[in-house]
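Down below is the structure, laid out as structure tokens.
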Amino acid sequence: MGSSHAIVACAALIVLLSTNARGLRVRKDKDVLLATSFLSHHGEYQNPTSTYNLIKEIRRVEAEIEDEVETLNRDRRLHRGHNKYADDDIRQGLKGEQDMGASENIPVAELEPQDLDREAKYPVRMLIVDKRSDDDDEETKTSFVETALHSDLAQRVVKELNGHVDVLRESGVVLVDLPAQTTDKQLQELIETARAQGTIVEPDHLVQSVNTSSKGSNDPLLDRLWGMDALNVKEAWDIITTGEPNMGGRRPLVCVLDTGIDYNHPDLRDNMEVNQAERDGTPGVDDDNNGEVDDIYGANMLSKENDPADDHSHGTHVAGTIGAHGNNGIGVAGVAWAPRLLPCKFLAYTGRGYSSDAVRCIDYCVKRGADIVNHSWGGSWPSEALREAVVRTANNGLIHIFAAGNDGVDIDQRAFYPAAFSTEADGLITVANVKGDPDHGGKRIIELDRSSNYGIQRVQVACPGMWILSTVPTSGSSQEPYAEKSGTSMAAPALSGIVALMLAVNPGLSTRQVREGLRQCSVQQPLLQGKVEWGSMPDAKRCVEYALTTHAEGRHKSFRREPSTETSTPPPPPPAQPTPQPQPHPPLQPETPPSAPSPSPRTPPSAPSPSPPTPPSAPSPSP
């Protein structure tokens, strides 16, 4: 070999040995896994599930987490937060092409970001699920998930590596969290140990919220909620809102996986689910043994403080569309007037989070006895752990509503998760976003917004999602706590609200019946043909009528237990009965702005009264 070749070879070796890239990371103990450790016998890289590529991806995500924590710490030092009125994610090509309306001109009101101490402590993450099999002995096969806490892997993670193992039995997922000093060699050994026991091991992945921006009732802003008319919600209110005494007071529990909820918001606080066992229990103790400490108003998977308060605005906006308190004389009304709202915060103040924390939230919602889970978020990375969590819980009675995403693509061809899982169980439904611009005669033309994802297999239905007025955090601001946002994030909660109305009148409907009812009771829209599976948009009144007149098959409860906060046993499904005749709406009140809320958004509200709002006794015709 010539001297020049020797110099080049030595230089290449020096570069390789000093590489500090994720996946080829040199540790202080000199433990580094070189690419050659993961070459096939042909000298080529193995498939994406190879140990080398898996560790490389785990390191990439670790870098993301470290960057998120660093950004948070910087923003807290500079007293920066998220502008709750911001148009967060509108694609650059769309900006300036549409009138942003009121939300564009509202002054900035920033929300203080919460700590990400869980992320900072364990930035190295793996998710483990049992490998699916078509074998006849599937039922008798030993499950790693069921025995994980007693496994050698768990003992090593906890005792030797100072990590943490979380077994989410309802979701069928094991989460392994490790500190930053974990070496590549240690990761390799853990991965190989898990795979030897018939499991799939995968990295965590970043996901984000998917908004592209920012009965008659006496709520003064009701006439600005164009989606209520498009979905025929006001006619549904003539039959049922939620929690009405003459319907047995049934209030479905809707879990909102998002950035949290402002549980002190004047239009939401009476509908917040309060964990009485934790509220009346001992601080710092998991009084109800559900795995979360002091989860009075919900859970926060990002912080040990476990405060689900919204430091972004996205989750509060979603919650308002589902169930802002109706007929209370202020602000807006949700599709369902009085559901029980349960936040599980896994998205940070940036609107981003990780699939592992979403799985944790799903597990938590099941433990709390949720009926519906709203997912106004997503990402492009497939996750077997996330698939296992949503499919398993859906097959056992939980209804998941997914936002289709805002990339303007066909997700049958370019998948977006968890929306792409909607074909795998009856309880999984994906929603696209429609706009309703009026024609020359004033009639709204219902068509898919060009930012919305679509797909005739993986997207079932569409709901209004453009310029949706809803609640945003109060944050002590003098501005009205309401703003417009757009996107499939705003369309999904409209469907969650309709499902809540259906379960309010017939809580025993199975996931199959809910899906079939939505399909049968949707109105065909010419411009949605070939875009979504059903080619339609739901009619809330017809959905409620379907629920009233359908004999319930019963909800599967094998992975569910009733929440400790229930004050009474839900009534049995009502018998089939004729549909009540609609009554005219009471007159709308003038658009007077709501009074500024008095409580601080961080101060826990007093316990909400279990009694639902009483509907107007003698409604009069709407003008």
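None of the figures in this text is laboratory data; all of them are computed from the coordinates on show. Just so we're clear, the structure is a prediction, and the values are computed from it rather than from any experiment. Ideal geometry is used to build each Cβ from the backbone, glycine not excepted, and the neighbour counts take in all protein chains shown.
Sorted by packing (mean other beta-carbon atoms within 10 Å per residue), highest first, where do 369-377, 75-83 land?
The packing order, highest mean first, is 369-377, 75-83.
Can you give the FRET efficiency to the nearest 0.05 for residue 162 and residue 193, using r as the Cβ-Cβ distance and R₀ = 25 Å?
0.90
Would you please put 461-468, 168-175, 423-430 in order of how densely packed they are, using the mean number of other Cβ atoms within 10 angstrom per residue and starting with the highest?
461-468, 168-175, 423-430
Pulled fully out, how much extra length does the chain show between residue 112 and residue 131, if you take 0.36 nm times their separation in residues and subtract their Cα-Cα distance? Intermediate values should be presented prior to the final figure.
On the way: separation 19, 0.36 × 19 = 6.84 nm, distance 4.17 nm.
Residue separation times 0.36 nm, minus the Cα-Cα distance, leaves 2.7 nm.
Hey, which of these cross-link pairs are over 28 Å Cα-Cα: 234/435; 84/443; 131/367; 345/541?
Long pairs (Cα-Cα over 28 Å): 84/443; 345/541.
Which order do peptides 266-274, 197-205, 351-359 fall in by mean Cβ count within 10 Å, highest first? If you can, show how the numbers build up before the last one.
Working: 266-274: 24.6, 197-205: 21.3, 351-359: 26.1.
Highest to lowest by the protection proxy: 351-359, 266-274, 197-205.
Calculate the spin-label point distance for residue 53 paired with residue 414, positioning each point 7 Å from the Cα along the beta-carbon direction, and give it in nanometres.
Roughly 2.0 nm, to one decimal.
With Cβ to Cβ distances under 13 Å as the rule, what net charge do the other residues near residue 419 carry (K, R +1; D, E -1)?
So the surrounding residues net to -2.
As an exercise, use a Förster radius of 51 Å and the Cβ-Cβ distance of residue 527 and residue 63 to find the FRET efficiency, rounded to the nearest 0.05.
Numbers: r = 43 Å, r/R0 = 0.85.
In this case the efficiency is close to 0.75.
For segment 229-384, give the magnitude of the charge dipole about the Cα centre (Cβ charges: +1 Lys/Arg, -1 Asp/Glu; no others), in debye to the nearest 20.
Magnitude of the dipole: close to 260 debye.
How much of the pair distance distribution for segment 364-466 lies past 23 Å, counting alpha-carbon pairs only, in percent?
30
Take the eigenvalues of the Cα gyration tensor for segment 274-318, scale each by 5, and report the square roots as semi-axes in whole Å, largest first.
Three semi-axes, in Å: 21, 11, 8.
Calculate, in whole percent, how much of the Cα-Cα pair population of segment 256-358 lies beyond 16 Å.
Of the Cα pairs, 55 percent sit more than 16 Å apart.
For segment 210-548, what is the per residue volume of the convex hull drawn over the alpha-carbon atoms, in cubic angstrom?
Hull volume over Cα atoms, normalised by residue count, gives 124 Å³.
Can you give the translational diffusion coefficient of segment 461-531 in µm²/s, computed by Stokes-Einstein from the Kirkwood radius over Cα pairs at 10 °C and 1.306 mPa s?
110
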